[in-house]
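Data block below; observations after.
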């Protein structure tokens, strides 16, 4: 069974979270999937499905690495 993790990403004021979510999803490693839970003003909540045994720490590190890629500058993990 895959590991499920939930993250929220937030970005600059006025930045569309829909675009950031699409970019985030496209950069997930092989074997990872995600669904959008909801959008708010400048925030997207994502449900990530990672390979079995993936820890929360590993999922967080992967999400942080994705957010450091071009096209997602200014976006970061939000505190829940």
Note to self: If I model the chain as equal point scatterers sitting on the Cα atoms and use the Debye formula, what is log10 I(q)/I(0) at q = 0.11, 0.22 Å⁻¹?
What the structure shows: -0.24, -0.97
Notebook entry, point to check: What angle do you read, to the nearest 10 degrees and between 0 and 90, between the alpha-carbon axis of helix 17-26 and the longest principal axis of the chain?
Noted result: 30 degrees
Margin query: Which of 62, 55 has the fewest other C-beta atoms within 10 Å, and how do the rest follow up to the most?
Written below: 55, 62
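222 nm [θ] for the chain, helices only, -39500 (n - 2.57) per DSSP H run of 4+, per residue, to 500?
Values: 2 runs with 22 residues, N = 80.
It comes out at -8500 deg cm²/dmol, rounded to the nearest 500.
Could you grab the relative contact order for the chain? Cα pairs under 8 Å, six or more apart, rounded to a whole percent. Show your work: numbers first, answer last.
Working: 133 pairs, mean separation 34.5, N = 80.
Rounded, it is 43 percent for the chain.
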Note to self: Multiplying the sequence separation of residue 19 and residue 6 by 0.36 nm and subtracting their Cα-Cα distance, what value in nm do you get?
What the structure shows: 2.8 nm
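Rule-based calculations on the coordinates, nothing more; no lab input. Keep in mind that this is a model prediction, so the values were computed, not measured. We place every Cβ from the backbone using ideal geometry, glycine too, and count neighbours over all the protein chains shown.
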